[in-house]
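Novice: If you scroll down you'll find the structure; I have some questions about it.
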Amino acid sequence: MDTTPSQAFLNLLTQISQQTPYEQINAIVDFSNQLTDEQCMQLLGNDAEVMHHSPRLTQVYYDYIIQMETVEIQRLLADTGTLYTSFRETASPAAMMAYDRVADIFDNLELNGKTVVMVGCGQLPVTAIHLCEESQIKKVYALDISAQAIDVVHQLQAKFGWSNLEAQFCNGNSYDYSEADIVYIANMVRPKAEVIAQVLKTARADAEIIIREPYALGKLWADCAEDTLDARLSVRSYGPGSRYLSRDAFIQR
C-alpha cells in the first residue's frame, strides 16, 4: 500500500459507501485479509476516525445478515406443502457457509444428552439447527430479542420438525442458565459482557461457554467480549476463522 493502512481503509469506505451491504462487507473483508494482525490492531486501536465508522458498519453488517437470511427463509417457506427432513439437503450455499462454520464445536465438546442455550439465534438459527440435526443433543433453547425472529423460527420448525429446539423471545442478559450444560453466545449479540455476567451469576460452574467472537476488522461490526472479559474467565482455544471474520472462542473459568 502506498498510503497508510488507516488512510487506505478510509478511502475504501468512501468508494464503497453506495454499494449494497453484501458488497461493502465483502470489500472490507478482502481489505482486512491483506493486513497483518499488527496492522489491524493499530488501525482499530489508534485511529478515532476509523472507529467513528463502527456504528454504521454494524448496521451494514446487520442489514447484510438480515437480507441473506430473509432470502433463504422465503425460499424455504415458499412451498407450503413440503415438509423437509434435513436443512443440509435444502440450504443454499450462503446458508451452508454459516451452518458449517461451527462444526468445530463437535470436535471440542461432548454434545450427546446435553442442554444448550443459544443467545442471539436470529430468524435463521443455523448454529442451533446444526446442533439439532447432527448431534444427539437433549435440548437447544434458542433466545432472541426479536419477536419477529422467534416467529420465523417457529415457522421453520413446523417445516423441519426439530423437536429438541425451543425458541424463546428473551434477552440473554436476564435468562436463567441453571439448566444449561453449554451456553453459546452469537457474534451479533451486544453487549456480550451483560450476557456473560448473567451466565456467571446463574449457570453451574461446570457449564461450558462459547462466544462467537470477531477478529481483525470484524471488530468494526461486532462486539468483542475479550476486550472486557471477566477476570474469572479466559480463552482456552479458538475455532477456525470464517469468511466474515468471526470464530468460536472456547472459554474456561
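The values are calculated or read from the model by the stated rules, or taken from the named source; none is laboratory data. The structure presented is a predicted model; accordingly, all values stated were derived computationally and were not measured. No Cβ is skipped: glycine too gets one built from the backbone with ideal geometry, and neighbour counts run over all protein chains shown. Accessible surface areas use protein heavy atoms only, side chains included; no ligands, DNA or RNA. Shrake-Rupley method; radii C 1.70, N 1.55, O 1.52, S 1.80 Å.
Novice: Given a Förster distance of 25 Å, report the FRET efficiency between Ala193 and Glu49 from their Cβ-Cβ distance, rounded to the nearest 0.05.
Specialist: With a Förster radius of 25 Å, E is 0.45.
Novice: With each label point set 7 Å from Cα along the Cα-Cβ vector, what nm distance links Tyr22 and Ala103?
Specialist: Distance between label points: 2.3 nm.
Novice: Determine the per residue accessible area of the chain with all protein chains present and a 1.4 angstrom probe, expressed in square angstrom.
Specialist: 47
Novice: Sorted by average packing, counted as other Cβ atoms within 10 angstrom per residue and highest first, what order do 96-105, 127-136, 211-220 take?
Specialist: 211-220, 127-136, 96-105
Novice: If a/c stays under 1.5 just call it rounded; otherwise compare a/b with b/c (prolate if a/b is bigger, oblate if not). Do that for region 105-253, with a ≥ b ≥ c from the square roots of the Cα gyration tensor eigenvalues.
Specialist: Verdict is rounded for region 105-253.
Novice: Per 0.36 nm of contour for each residue apart, how much would the distance between Lys201 and Val235 grow if the chain were fully extended, relative to their Cα-Cα spacing?
Specialist: Extra length from Lys201 to Val235 when fully extended: 10.4 nm.
Novice: Just flag the trypsin sites (Lys or Arg not before Pro) in region 123-160 sitting in loop per DSSP whose Cβ has no more than 14 other Cβ atoms within 10 Å.
Specialist: Here the trypsin sites (Lys or Arg not before Pro) that fit, given the DSSP loop and packing criteria, are Lys138.
Novice: Here's something else I'd like to know. Is region 51-111 best put as rounded, prolate or oblate by its Cα gyration tensor, with a ≥ b ≥ c the root eigenvalues, rounded for a/c under 1.5, and otherwise prolate when a/b is larger than b/c, oblate when not?
Specialist: Cα axes put region 51-111 in the oblate bin.
Novice: May I ask you to give the percent of accessible area on the chain that is carbon plus sulfur, with a probe radius of 1.4 Å?
Specialist: Solvent-exposed carbon and sulfur of the chain make up 49 percent of the total.
Novice: Under the Kirkwood approximation for Rh and a Cα-based Rg, what ratio Rg/Rh is obtained for the chain?
Specialist: Using Cα coordinates only, the ratio equals 0.97.
Novice: Along the Cα→Cβ direction, 7 angstrom out, place labels at Gln42 and Arg253. What is the inter-label distance in nm?
Specialist: So the label points at Gln42 and Arg253 sit 4.1 nm apart.
Novice: Same structure, new question: Can you compute the modelled spin-label distance between Thr85 and Asn33, with each label point 7 Å from Cα toward Cβ, in nm?
Specialist: Between Thr85 and Asn33, the label points sit 3.6 nm apart.
Novice: Another question, then. Taking θ = phi - 60°, what integer Hz values does the Karplus form 6.51 cos²θ - 1.76 cosθ + 1.60 yield along region 56-71, in sequence order, with x for Gly and Pro?
Specialist: 5, 5, 4, 5, 4, 5, 4, 4, 4, 4, 4, 5, 4, 5, 5, 4
Novice: Pairs on different chains or at least eight residues apart, Cα atoms closer than 17 Å: how many lysine pairs in the chain fit?
Specialist: Close lysine pairs under the 17 Å cut-off: 4.
Novice: What is the calculated FRET efficiency for Arg75 to Thr4, with r their C-beta to C-beta distance and R₀ = 45 Å, to the nearest 0.05?
Specialist: About 0.55, to the nearest 0.05.
Novice: Going by a ≥ b ≥ c, the root eigenvalues of the Cα gyration tensor, does region 1-139 fall in the rounded group (a/c under 1.5), the prolate group (a/b larger than b/c) or the oblate group?
Specialist: Here region 1-139 falls in the prolate category.
Novice: Could you sort 192-203, 165-176 so that the peptide with the highest average Cβ count within 10 Å comes first and the rest follow in order?
Specialist: Averaged packing, sorted descending, gives the order 192-203, 165-176.
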